[in-house]
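Everything below concerns the one structure shown next.
The values are calculated or read from the model by the stated rules, or taken from the named source; none is laboratory data. All of these numbers come straight from a predicted model, not from anything done at the bench. Because the Cβ atoms are built from the backbone with ideal geometry, glycine has one as well, and the counts that use them run over all protein chains shown. Ligands, DNA and RNA are stripped out before the accessible areas are found, and what is left, the full protein with its side chains, is counted by its heavy atoms. Shrake-Rupley method; radii C 1.70, N 1.55, O 1.52, S 1.80 Å.
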Amino acid sequence: MILIDGKKVAAELREELKQEVSKLKSKINKVPGLTVILIGELAPSKIYVKMKEKAANEVGLKSEVIRYPENVEEKTILEKINKLNVDKSVSGILVQLPLPKHIDKQKVIETISPKKDVDGFHPINVGNLSSGYDSCIPCTPLGCYLLLKNFEKNLTGKKAVVIGRSNLNGKPMTQLLLKENCTVTITHSKTKDLKGECLKADIIIAAVGIPKLVKGDWVKKDAIVIDVGINKTDDGIVGDVEFDEVSKIAKAITPVPGGVGPMTIACLLKNTIECFKKNI
Ligand code: NAD
């Protein structure tokens with residue numbers, strides 16, 4: 001079994017991005033800017049935002065976090081986004097999810113300019129990705145894709161099973177695998193024989209949110225397994241894959257933590273730089 005080391009691949013990607021930012025700075029005396037909007041006091045959101053801010057600073061991006069209290073009016077957020085949309089020093093805008101109940105998530109997503117939508121959630125970016133056009137790609141599936149490609153260049157003809165159909169993970173992941181000429185099966189909570197589907201797969205992407213759902217006898221020998229899950233349990237953070245069992249069978253597997261997670265943040269930085277380059 002080969003351990004797909006997301007921490008290492010993400011560190012390499014961040015180093016490349018750092019060099020790119022430095023080149024941009026010396027060439028045009030400008031650096032890409034990432035603005036994150038954080039609403040409320042949710043502990044995990046605060047941690048994620050801090051990690052994003054730190055990573056952005058480390059590669060030399062201009063990073064800004066705008067904080068609002070839990071009871072902020074939706075109108076205030078939409079007005080702020082509209083201002084950021086036309087601010088030339090801002091290349092990427094990210095509104096940390098989840099939002100308080102009184103704020104309409106879809107309205108917020110649709111207000112962000114698709115050209116600055118570093119999360120890739122705007123319907124224009126979603127449509128472009130599914131049409132095979134250039135688009136901003138959601139960070140976690142992009143991270144999974146880069147890990148896969150780093151491990152195996154040619155994915156053509158492989159049978160891929162994606163577990164989970166969320167807009168955040170499963171659906172964009174499916175599009176990326178299709179683009180690579182995989183034969184993709186997308187599975188979900190109502191799938192009848194998940195084990196049977198997984199047993200056919202050369203590639204399994206588990207993005208479910210159920211600790212250790214994918215067992216050793218669900219995976220065929222030589223499968224590549226990418227575990228997106230981040231689940232808090234009494235044993236600490238675990239993925240959606242029973243690592244101890246599956247790692248004995250599969251050809252390659254990502255660990256949790258240290259697999260997809262670090263790639264997600266690195267891809268946010270990558271998306272910010274891409275948006276900057278497209279917008280100048
Ligand atoms: P979600 O709740 O939006 O979607 C879960 C999906 O799993 C749904 O489509 C549902 O149909 C499917 N599902 C539920 N039960 C199932 C079952 N028994 N069998 C098959 N499918 C089932 O979740 P999400 O936002 O896509 O996140 C999934 C996991 O990925 C979570 O653990 C989350 O914490 C993690 N995550 C990790 C990162 C990262 O950077 N590594 C980023 C985002 C999310």
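Assorted remarks:
- So residue 148, is it modelled with pLDDT of 95 or more, in a helix (DSSP H, G or I) and crowded, with 19+ Cβ neighbours inside 10 Å: yes
- Flag set for residue 237, criterion: in a strand (DSSP E or B), assigned by TED's automatic domain parsing to the domain that holds residue 169 and open to solvent by 10 Å² or more (accessible area, probe 1.4 Å).
- Residue satisfying all of: in the stretch 45-74; closer than 30 Å to residue 19 by Cα and either free of Cβ contacts under 8 Å to residues at least 12 places away in the same chain or of a type in the set (Phe, Trp, Tyr) (or both); most open to solvent (accessible area, probe 1.4 Å) among these: 50
- Residue that is nearest to residue 271 (Cα to Cα), among those in the stretch 26-44 that are open to solvent by 30 Å² or more (accessible area, probe 1.4 Å) and assigned to a loop (DSSP other than H, G, I, E, B): 31
- Out of 167, 181, one residue alone is in contact (Cβ under 8 Å) with a residue 24 or more places away in the chain, part of a loop (DSSP other than H, G, I, E, B), in contact with a Phe, Trp or Tyr (Cβ under 8 Å, 6 or more places away or on another chain) and more than 19 Å from residue 241 (Cβ to Cβ). It is 167.
- Meets criteria (open to solvent by 10 Å² or more (accessible area, probe 1.4 Å), within 23 Å of residue 258 (Cα to Cα), modelled with pLDDT of 95 or more and touching a helix residue (DSSP H, G or I) at 6+ places or on another chain (Cβ under 9 Å)) for residue 195: no
- Verdict on residue 229 being out of contact with any Cys (no Cβ under 8 Å at 6 or more places or on another chain), assigned by TED's automatic domain parsing to the domain that holds residue 174 and on the phi > 0 side of the Ramachandran plot: no
- Residue match in the stretch 176-192 (condition: closer than 22 Å to residue 7 by Cβ and within 14 Å of the ligand (Cβ to nearest atom)): no
- Qualifying residue in the stretch 53-63 (condition: outside any helix (DSSP H, G or I) and more than 16 Å from residue 268 (Cβ to Cβ)): no
- Among the numbered conditions (1) more than 10 Å from the ligand (Cβ to nearest atom); (2) under 18 Å from the mean Cα position of the chain (by Cα); (3) in a loop (DSSP other than H, G, I, E, B), the only one that residue 156 does not meet is (2).
- Considering the conditions (1) in a helix (DSSP H, G or I); (2) surrounded by fewer than 18 Cβ atoms within 10 Å (Cβ to Cβ); (3) in contact with a strand residue (DSSP E or B) (Cβ under 6 Å, 6 or more places away or on another chain), residue 127 is excluded by exactly one of them, (3).
- Restricting the stretch 98-116 to residues that are within 19 Å of the chain's Cα centre (by Cα) and touching a residue at least 40 places away in the same chain (Cβ under 8 Å), the residue that is surrounded by the fewest Cβ atoms within 10 Å (Cβ to Cβ) is 98.
- When residue 165 is tested against the conditions (1) within 20 Å of residue 249 (Cα to Cα); (2) within 11 Å of the ligand (Cβ to nearest atom); (3) not hydroxyl-bearing (Ser, Thr, Tyr), the lone failure is (1).
- Only one of 237, 224, 273, 249 that is within 16 Å of the ligand (Cβ to nearest atom) and modelled with pLDDT of 95 or more: 237
- Residue within the stretch 200-216 that is part of a helix (DSSP H, G or I), buried (at least 24 other Cβ atoms within 10 Å of the Cβ) and at pLDDT 95 or above present: no
- Failed criterion for residue 80 (all others in (1) touching a strand residue (DSSP E or B) at 6+ places or on another chain (Cβ under 8 Å); (2) buried (at least 17 other Cβ atoms within 10 Å of the Cβ); (3) outside any helix (DSSP H, G or I) hold): (3)
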